[in-house]
Amino acid sequence: MQEHTASPRRRTARLIVVLAGVLAMLGVLAVLLASGVIWPGRIFAAGYSVRGVDISSYQGDVDWDVLASQDIDFAYIKATEGSSSVDSQFLRNWEGAMNTELLVGAYHFVSFDSSGETQAAHVIDTVPLGATLPIALDLEYYGDYFQHPPPRAQVDAVLVPLLEKLEEHYGAPPVIYATPEAYDRYLSGRYAEYPIWIRSIVLPAHLEDDREWTLWQYSNRDRLEGYDGVEHYIDMNAFNGTREELAALAG
């Protein structure tokens, strides 16, 4: 029998259908990722059983009893920024979280534009003693510093006295949260006595100097019940150890 081959026009039509199908699937995947229905970091973090949230005024009013009931072990609450700013929800969040079974700590957003001494005084004036997690410092770029990162010496001049004074006051080494860019530039190979909290929301957590991380922010696209703010998502974090080991960080 004579063998018939598809005409060029028919082959082109089939190719268009296949490409349209692929694009449709990619579009669905993009929507699922953007909405947080699926998230790469969540898959990689599945092996870590101790998890928690970090939260700020962007999550609005929080029902801490509801939030705490959703298979989380700890919460870090934004307290301060720079030498004068206080998160508008801090006191309410602090009181609510401390009345749950969660391990609770406060975090401070580090400014490169004011001294470590004045920032430490601001944190101490704002965050009470008695937390069940150590103070955390959020070290990342902001504003023009994304395009023009400050030199290491400038960051050290802020970070060293800030860490020392907070450790002296609260009785435990502060945790340092950092983006990969900030870690590589300012922390890699240094500050070995301080626990590291690394952001890595797509790939598994890894520090370039092969140091072990303590906390890992693996998602910024999770949804939980119990908050109502301008930000619909909440950050999720994993601890590299047991709940008892996490509690021990507070000294």
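The values are calculated or read from the model by the stated rules, or taken from the named source; none is laboratory data. Owing to the predicted nature of the structure, the values given are computational and were not obtained by experimental measurement. Positions of Cβ are backbone-derived with ideal geometry, glycine not excepted, and every protein chain shown enters the neighbour counts. Accessible surface is based on the protein model in full, side chains and every heavy atom, while ligands, DNA and RNA are left aside. Shrake-Rupley method; radii C 1.70, N 1.55, O 1.52, S 1.80 Å.
Looking at residue 235, is it within 12 Å of the chain's Cα centre (by Cα) and within 25 Å of residue 69 (Cβ to Cβ)? Answer is yes for this residue.
For region 69-89, state whether one or more residues are surrounded by fewer than 23 Cβ atoms within 10 Å (Cβ to Cβ) and part of a helix (DSSP H, G or I). The answer is no, given that none of the residues of region 69-89 is surrounded by fewer than 23 Cβ atoms within 10 Å (Cβ to Cβ) and part of a helix (DSSP H, G or I).
Counting the residues of region 201-245 that are open to solvent by less than 40 Å² (accessible area, probe 1.4 Å) and part of a strand (DSSP E or B) gives 14.
Total residues in region 189-200 satisfying the condition of being surrounded by 17 or more Cβ atoms within 10 Å (Cβ to Cβ) and in a loop (DSSP other than H, G, I, E, B): the figure is 4.
Any residue in region 140-148 that is closer than 23 Å to residue 124 by Cβ and touching a helix residue (DSSP H, G or I) at 6+ places or on another chain (Cβ under 9 Å)? Yes: one or more hits.
Within this structure, residue 54 fails the test of being free of Cβ contacts under 8 Å to residues at least 60 places away in the same chain and outside any helix (DSSP H, G or I).
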